[in-house]
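This report concerns only the one structure given below.
The values are calculated or read from the model by the stated rules, or taken from the named source; none is laboratory data. Since the model is a prediction, treat every value here as computed from it, not as a measurement. Neighbour counts run over all protein chains shown; Cβ positions are idealised from the backbone, glycine included.
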Amino acid sequence: MKLVCSKSSLLSGVKTVSKAVPNKTTMSILECILIDASKGVITLTANDMEMGIETTIKGNILEKGIIALDAKIFLEMVSKLPDNDITIETDHSYKTTITCGKSEFHIIGKSGEDFSYLPSVEKEESIMISQFTLKDVVRQTIFSISDNDNNKLMTGELFDINGDKMRVVSLDGHRISIRNIDLKNHYEPRKVVVPGKTLNEISKILSGDADRDVTISFTSKHIVFEFDNTIVVSRLIEGEYFKIDQMLSSDYETKVKINKKEFLNCIDRATLLVKEGDKKPIIINVTDENMELKINSIIGSMNEEIDIEKNGKDIMIGFNPKFLIDALRVIDDEEIDLYMVNPKAPCIIKNLEESYIYLILPVNFTTVS
């Protein structure tokens, strides 16, 4: 095999597929990136058996062929080469010569025939959304998936498609994040649970361009994302997702309208007094036209007041400040509405259209004097 391509094109492709290279594996071939120039286009592929990424790059194929190269070494090598055209040449013993300007490297590759290609997926149906929307939806929900494998379903996000609507849900046992989006077309009802790792990596690759679409296809076991020159195939998480609607209530005893930035900055300041791992709650005391925020820790205490608009009863309620911060950071509205029932019931943050809903469980606290 012999091919020539620009450094920028090669580096972009290698960075994209590297996201599917496993950190630890007993199969050394999976630590490689496959370069396939056997079919007239240059394709790069990586696959950790749960998620695979394939992308095509521009370049000239002088001799067709295929080779698997160690991903970590190859990525570092390409990133440190000068900004010139890069030539990759292999021989029958998989010895690979990489030249760029006056630089020349020799590394030993592996047979491309041993590589695990992306599974051939018979796409049953597809939906289409903009790259901007998908990237935004992941940003606004991914923080509340669980990083604990004890409940696999909590490590993924529910994609619930019905007609021209899609609901994306994540939860970790302490909070729920929901985004409702409008689709461009009508689709048959479908529910799948997509691994959070897959969505995290896809959101890093997406350009976020509102004028460029992502085609999402499903089977019973896989989901496929196609955008630009890239394909991402991922296994789905099997099992029935949690009955979210039973956890959401429209009842409330207290409704608070508050400036989001002011609220976020106040909680952020309060966390200066909380050491990492210390589970000190922030206590919120809502009275007429006033919200008082208190925190008390070994380091010290803070007390701050914020102007609000209130409907309903006074309430004193405690929260893990991190959970509030995570939700507030991804809401783009200037003002937000908080709905509360009592100090033991979840607080719900949502807009009138319910395009976003964040449910946060309160925590027990002792009153600070």
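Per-structure values
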read-out: Matching entry among Ile53, Ile42, Ile29, Ile57 (being among the β-branched types (Val, Ile, Thr), within 14 Å of Ser111 (Cα to Cα) and either in the same structural domain as Thr90 (by TED's automatic domain parsing) or more than 22 Å from the chain's Cα centre (by Cα) (or both)); value: Ile29
read-out: Selection within the range 207-263 - of a type in the set (S, T, N, Q) and under 16 Å from the mean Cα position of the chain (by Cα); value: Ser207, Ser234
read-out: Residue within the range 256-277 that is part of a loop (DSSP other than H, G, I, E, B), free of Cβ contacts under 8 Å to residues at least 24 places away in the same chain and loosely packed, with under 14 Cβ neighbours inside 10 Å present; value: yes
read-out: Set Ala20, Ala68, Ala37: member being within 28 Å of Val193 (Cβ to Cβ), crowded, with 20+ Cβ neighbours inside 10 Å, small (Gly, Ala, Ser) and at pLDDT 95 or above; value: Ala20
read-out: Selection status of Ser120, surrounded by 17 or more Cβ atoms within 10 Å (Cβ to Cβ) and outside the structural domain of Asp48 (by TED's automatic domain parsing); value: no
read-out: Residues of the range 207-251 satisfying the condition of being outside any loop (DSSP other than H, G, I, E, B) and loosely packed, with under 12 Cβ neighbours inside 10 Å; value: Asp245, Gln246
read-out: Exclusive hit being loosely packed, with under 14 Cβ neighbours inside 10 Å, under 16 Å from Ile216 (Cβ atoms) and either modelled with pLDDT of 95 or more or not assigned by TED's automatic domain parsing to the domain that holds Arg329 (or both), set Asp136, Asp164, Asp149; value: Asp164
read-out: Members of the range 105-129 found to be outside any strand (DSSP E or B) and of a type outside the set (Gly, Ala, Ser), listed by number; value: Glu113, Asp114, Phe115, Tyr117, Leu118, Pro119, Val121, Glu122, Lys123, Glu124
read-out: Subset of the range 310-334 (residues that are part of a strand (DSSP E or B) and surrounded by 14 or more Cβ atoms within 10 Å (Cβ to Cβ)); value: Lys310, Gly312, Ile315, Met316, Ile317, Gly318, Phe319
read-out: First in the range 185-205 and outside the structural domain of Asp136 (by TED's automatic domain parsing) and in a helix (DSSP H, G or I), second anywhere and among the basic types (Lys, Arg) and surrounded by fewer than 17 Cβ atoms within 10 Å (Cβ to Cβ), Cβ under 7 Å, 6 or more apart; value: none
read-out: Given (1) in a strand (DSSP E or B); (2) of a type outside the set (D, E, K, R); (3) in contact (Cβ under 8 Å) with a residue 40 or more places away in the chain, index of the condition Ser170 fails; value: (3)
read-out: Among the residues listed as Asn265, Asn290, Asn296, the single one being out of contact with any Asp or Glu (no Cβ under 9 Å at 6 or more places or on another chain), polar (S, T, N, Q) and modelled with pLDDT under 95; value: Asn296
read-out: Pairs with Cβ under 7 Å, 6+ apart, first in the range 300-323 and without any contact (Cβ under 8 Å) to a residue 60 or more places away in the chain and in the same structural domain as Val341 (by TED's automatic domain parsing), second of a type in the set (Gly, Ala, Ser) and surrounded by 13 or more Cβ atoms within 10 Å (Cβ to Cβ); value: Met302/Ala270; Pro321/Ala270
read-out: Close pairs from the range 348-365: first among the acidic types (Asp, Glu), partner assigned to a loop (DSSP other than H, G, I, E, B) and surrounded by 19 or more Cβ atoms within 10 Å (Cβ to Cβ), Cβ under 7 Å, at least 6 apart; value: none
read-out: Test result for Phe159, assigned to a helix (DSSP H, G or I) and in contact (Cβ under 8 Å) with a residue 24 or more places away in the chain; value: no
read-out: Residue in the range 350-357 that is within 20 Å of Ala270 (Cα to Cα), surrounded by 21 or more Cβ atoms within 10 Å (Cβ to Cβ) and not assigned by TED's automatic domain parsing to the domain that holds Thr133 present; value: no
